[in-house]
1. What single numbered condition from (1) under 17 Å from the mean Cα position of the chain (by Cα); (2) exposed (fewer than 15 other Cβ atoms within 10 Å of the Cβ); (3) not polar (S, T, N, Q) fails to hold for Tyr191?
2. Could you identify the single residue in Ala58, Ala19, Ala24 that is assigned to a loop (DSSP other than H, G, I, E, B) and of a type outside the set (Asp, Glu)?
3. What pairs can you find where one residue is in the range 134-149 and more than 21 Å from Asp212 (Cβ to Cβ), the other is surrounded by 10 or more Cβ atoms within 10 Å (Cβ to Cβ) and among the polar types (S, T, N, Q), and their Cβ atoms are less than 7 Å apart, with a gap of 6+ or different chains?
4. Could you list, in sequence order, the residues of the range 295-322 that are modelled with pLDDT of 90 or more, under 21 Å from Val242 (Cα atoms) and either charged (D, E, K, R) or crowded, with 16+ Cβ neighbours inside 10 Å (or both)?
5. Checking the condition of a type in the set (S, T, N, Q), in the same structural domain as Ala36 (by TED's automatic domain parsing) and in contact with a strand residue (DSSP E or B) (Cβ under 8 Å, 6 or more places away or on another chain), which residue from Gln70, Gln113 passes?
6. Would you check if there is a residue in the range 119-134 being among the aliphatic types (A, V, I, L, M), crowded, with 17+ Cβ neighbours inside 10 Å and touching a helix residue (DSSP H, G or I) at 6+ places or on another chain (Cβ under 9 Å)?
7. Select from the range 125-165 the residues that are part of a loop (DSSP other than H, G, I, E, B), at negative phi and among the small types (Gly, Ala, Ser) and list them in ascending order.
8. Please verify whether Val39 is touching a strand residue (DSSP E or B) at 6+ places or on another chain (Cβ under 8 Å), within 21 Å of Tyr218 (Cβ to Cβ) and aliphatic (A, V, I, L, M), treating the condition exactly as stated.
Amino acid sequence: MDSRECKVTIICLAYNHEAYIRDALEGFVRQKTDFAYEVLINDDASTDGTAAIIREYAEKYPEIIRPFYQQKNLYSQGIDIECAVLDPAARGKYFAYCEGDDYLCDPEKLQLQADFLDTHPEYTACVHNSLGLVVGSKQAPAPLFPQTGDRDIPFSLIAKGMSHAFHTSSIMARRQWCDQLPDFYSMTHQYGFGDYPFALWLAMNGKIRFLDRCMSVYRMRSNAGSWSYGVNTDYNKFKRFVTGELKMFEAIRPMLDEEQTAAVDEEILLRRYELLEIEGRSAEQRKPPFDRIYRSKDAKYKLKHWIKRSFPRLHRLYRARRGYGD
């Protein structure tokens, strides 16, 4: 297979996904397309049976599965596996993404997205709705986003965060925007995330189409060792994440038009308010320019806020027991 024959490259990162990787691989090989596609999958020195399952599928589907096996974990060394290992080896015109613990649930996913990008050159990417599956829950998977039909995704929605716009497993992007990643993308990896700046980068350079059809499954709470697991309840993780978001916004701000700048400025204010929350600086949250955000909160939030202000010693004790820093 050469670059002219391969239209889509699926990028897949796997680490200790023995319980889930077979679902991911089945979703890949079951795709029905009128073009050739490939799956570049990296096993990052898993300590379970993940690599063995990948080998099984690579032997059975050598024309689709192209595996990479690491002897030492690259992620722990701060290496961006996609940029350093997989992207340079890719042959596709379009890049799609799916982590080893997520999976594709619609065999027409690749065909539908590639067809759209083929006929709409002004779009940098095509995404779609996804199902959220909570590991350990008896609830059936449910759409992550309200089903209101196909639509374009505005920059302002992505600026709010990936959870407001689309899931990474739904992205199919033109290769040129994956090969020409900006400095702010590399910078955010220091803070443990990459899909957020990538989505913003795509929106900064063209339109993104959302297909209102659930074609992938996002498996939530699948790995307690992952960076994102528990980020909303872990002081250090959350503070690091918000700090990274602020640095990202500051880096992209000079690159934006007037409307995009306004959206980012609003998000900067919200993230600064969150940092005050994390750091226990309640009084400052009620002062300009943050008072507008405080006034928009519901009664339950304001009651908790009042307790923090009225009983500072109790609040400090609570923060200490939760492991919050100074």
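The values are calculated or read from the model by the stated rules, or taken from the named source; none is laboratory data. Predicted model only: the values in this text are computed from it and were never measured. Counting neighbours? That spans all protein chains shown, and the Cβs are built from the backbone with ideal geometry, glycine included.
1. Result: Tyr191 fails condition (2) only.
2. Exactly one of Ala58, Ala19, Ala24 is assigned to a loop (DSSP other than H, G, I, E, B) and of a type outside the set (Asp, Glu), namely Ala19.
3. Val135/Ser222
4. Passing the criteria: only Lys297.
5. Values: Gln113 fails: in the same structural domain as Ala36 (by TED's automatic domain parsing).
That would be Gln70, the only listed residue that is of a type in the set (S, T, N, Q), in the same structural domain as Ala36 (by TED's automatic domain parsing) and in contact with a strand residue (DSSP E or B) (Cβ under 8 Å, 6 or more places away or on another chain).
6. yes
7. Hits for the range 125-165 are Ser130, Ser137, Ala140, Ala165.
8. Here the answer is yes, as Val39 does meet what is asked.
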